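One structure is given here, and the rest of the page talks about it.
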Amino acid sequence: MLEVKELTIVVNGATVVNRSSFFIPNGKITAMIGESGSGKSMTVAALLKILPAGANTSGEIRYKSANLLEATKEEVTAIRKNEFFTIFQDAMNSFNPSIKMDRQLYAFSAGRIGEDHTTYRKKMKDILGKLGLSADILDRYPFELSGGMLQRCMIACALYVKPALLIADEPTSALDKVVQKEFLKWLRLLNENGTTVLLITHDLDVVTGLADEMIVMQKGEIVETGTVSEIFSRPTHDYTKRLLDSRF
Ligand SMILES: Nc1ncnc2c1ncn2[C@@H]1O[C@H](COP(=O)(O)OP(=O)(O)OP(=O)(O)O)[C@@H](O)[C@H]1O
Ligand SMILES: [Mg+2]
């Protein structure tokens, strides 16, 4: 699905990602885990071409026949719009506080795939219902909804557009445990419907509960990749061993 080769990211002279190589297999859930500051979000920013000003990159990010690092902003924007969907930690920041949910969810879902508003209302109400949300939320403003509800709205849009790849950067860390579990259930549903998932997380329970494959990062480098069961039964890198030990 997506292959990263020797990705290096330098921000204002500091190397934040160093010769990182990994593969995100089609149809699977891949978790990326690593300590704070290890370069997970920077890697995601490189995939989406949203690195901060002053960042330089080298290496390759292969998606289908394109190298996203060399593709133009317009080409990457088109891929993001048609094939990727991203969910960030703080759902509130993903919404405009002065626009009602109806218009915003339309823009994140039906609008992206060129469906009209009538079709959208019907389909979105169904999806919201499945997620335990009443259609009334469409007439509310984002600040009238909880973080968990907003995150569910994001999942609703993802379920609507059925993206080829969902990238979620710590989508559950602002949610309480119960809502977190629910959220993971919806991620699984999305995956069962054909979406490949890249999930960035701090939480090993999330990895074991959900992911097929994992990528372990430490200080800007990938120290281990493999299936979750392989790595949990035979961690090879010291950092991974310590990470797994820290669970008990
Ligand atoms: N906008 C920025 N400008 C310059 N350096 C940055 C910027 N954002 C992050 N960094 C640096 O890049 C490095 C990697 O940060 P990154 O945000 O990718 O870590 P992370 O693994 O996502 O951490 P966390 O788990 O806390 O989200 C860190 O050293 C950080 O200080
Ligand atoms: Mg991060």
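Conditions tested, residue by residue: (1) of a type in the set (Phe, Trp, Tyr); (2) more than 14 Å from residue 138 (Cα to Cα); (3) more than 16 Å from ligand 2 (Cβ to nearest atom).
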{"site": "85", "(1), (2), (3)": "yes, yes, yes"}
{"site": "88", "(1), (2), (3)": "yes, yes, no"}
{"site": "92", "(1), (2), (3)": "no, yes, yes"}
{"site": "112", "(1), (2), (3)": "no, yes, yes"}
{"site": "115", "(1), (2), (3)": "no, yes, yes"}
{"site": "125", "(1), (2), (3)": "no, no, yes"}
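Checking the condition among the hydroxyl-bearing types (Ser, Thr, Tyr) and closer than 25 Å to residue 128 by Cβ, which residue from 225, 196, 208 passes?
196
Within segment 190-198, is there a residue that is of a type in the set (S, T, N, Q) and closer than 20 Å to residue 38 by Cα?
Checking segment 190-198: not a single residue is of a type in the set (S, T, N, Q) and closer than 20 Å to residue 38 by Cα.
Hey, can you tell me all the residues within segment 135-171 that are surrounded by fewer than 23 Cβ atoms within 10 Å (Cβ to Cβ), in a loop (DSSP other than H, G, I, E, B) and either within 16 Å of ligand 2 (Cβ to nearest atom) or more than 17 Å from the chain's Cα centre (by Cα) (or both)?
140, 141, 145, 146, 170
Based on this model, can you work out whether residue 78 counts as more than 16 Å from the chain's Cα centre (by Cα), surrounded by fewer than 16 Cβ atoms within 10 Å (Cβ to Cβ), at pLDDT below 95 and more than 16 Å from ligand 2 (Cβ to nearest atom)?
It is true that residue 78 is more than 16 Å from the chain's Cα centre (by Cα), surrounded by fewer than 16 Cβ atoms within 10 Å (Cβ to Cβ), at pLDDT below 95 and more than 16 Å from ligand 2 (Cβ to nearest atom).
Out of all the residues in segment 18-54, which are in a loop (DSSP other than H, G, I, E, B), more than 14 Å from ligand 2 (Cβ to nearest atom) and either over 30 Å from residue 189 (Cβ atoms) or touching a strand residue (DSSP E or B) at 6+ places or on another chain (Cβ under 7 Å) (or both)?
Matches in segment 18-54: 25, 26, 27, 28, 53, 54.
Residue pairs, Cβ under 6 Å, 6 or more apart or interchain, first in segment 199-225 and aliphatic (A, V, I, L, M), second surrounded by fewer than 17 Cβ atoms within 10 Å (Cβ to Cβ). List them.
Correct list of pairs: 204/247; 223/237.
Condition first: touching a residue at least 24 places away in the same chain (Cβ under 8 Å) and under 18 Å from residue 162 (Cβ atoms). Now tell me which residues in segment 94-119 satisfy that.
Hits for segment 94-119 are 105, 108, 109, 110, 112, 113.
Does residue 103 meet the test of being closer than 20 Å to residue 155 by Cβ, away from ligand 2 (no atom under 16 Å from the Cβ), out of contact with any Lys or Arg (no Cβ under 9 Å at 6 or more places or on another chain) and not in a strand (DSSP E or B)?
yes
Any idea which of (1) hydrophobic (A, V, I, L, M, F, W, C); (2) in a helix (DSSP H, G or I); (3) surrounded by 15 or more Cβ atoms within 10 Å (Cβ to Cβ); (4) more than 16 Å from ligand 1 (Cβ to nearest atom) is the one residue 197 doesn't satisfy?
(2)
I'd like the residue in segment 200-222 that is of a type outside the set (Val, Ile, Thr) and assigned to a strand (DSSP E or B) and, out of all such residues, is farthest from residue 39 (Cα to Cα).
Taking the candidates together, the pick is 213.
For the subset of segment 38-75 comprising residues that are exposed (fewer than 15 other Cβ atoms within 10 Å of the Cβ) and touching a residue at least 24 places away in the same chain (Cβ under 8 Å), which member is farthest from ligand 1 (Cβ to nearest atom)?
73
Working only within segment 89-125, note down all residues that are among the acidic types (Asp, Glu), out of contact with any helix residue (DSSP H, G or I) (no Cβ under 6 Å at 6 or more places or on another chain) and surrounded by 13 or more Cβ atoms within 10 Å (Cβ to Cβ).
Hits for segment 89-125 are 90, 115.
Okay, residues lined up against (1) within 16 Å of residue 152 (Cβ to Cβ); (2) in contact with a Gly (Cβ under 6 Å, 6 or more places away or on another chain):
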| position | (1), (2) |
| --- | --- |
| 175 | yes, yes |
| 182 | yes, no |
| 208 | no, no |
| 223 | no, no |
| 226 | no, no |
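The values are calculated or read from the model by the stated rules, or taken from the named source; none is laboratory data. A quick note: this is a predicted structure, and the numbers were derived from the prediction, not measured. Counting neighbours? That spans all protein chains shown, and the Cβs are built from the backbone with ideal geometry, glycine included.
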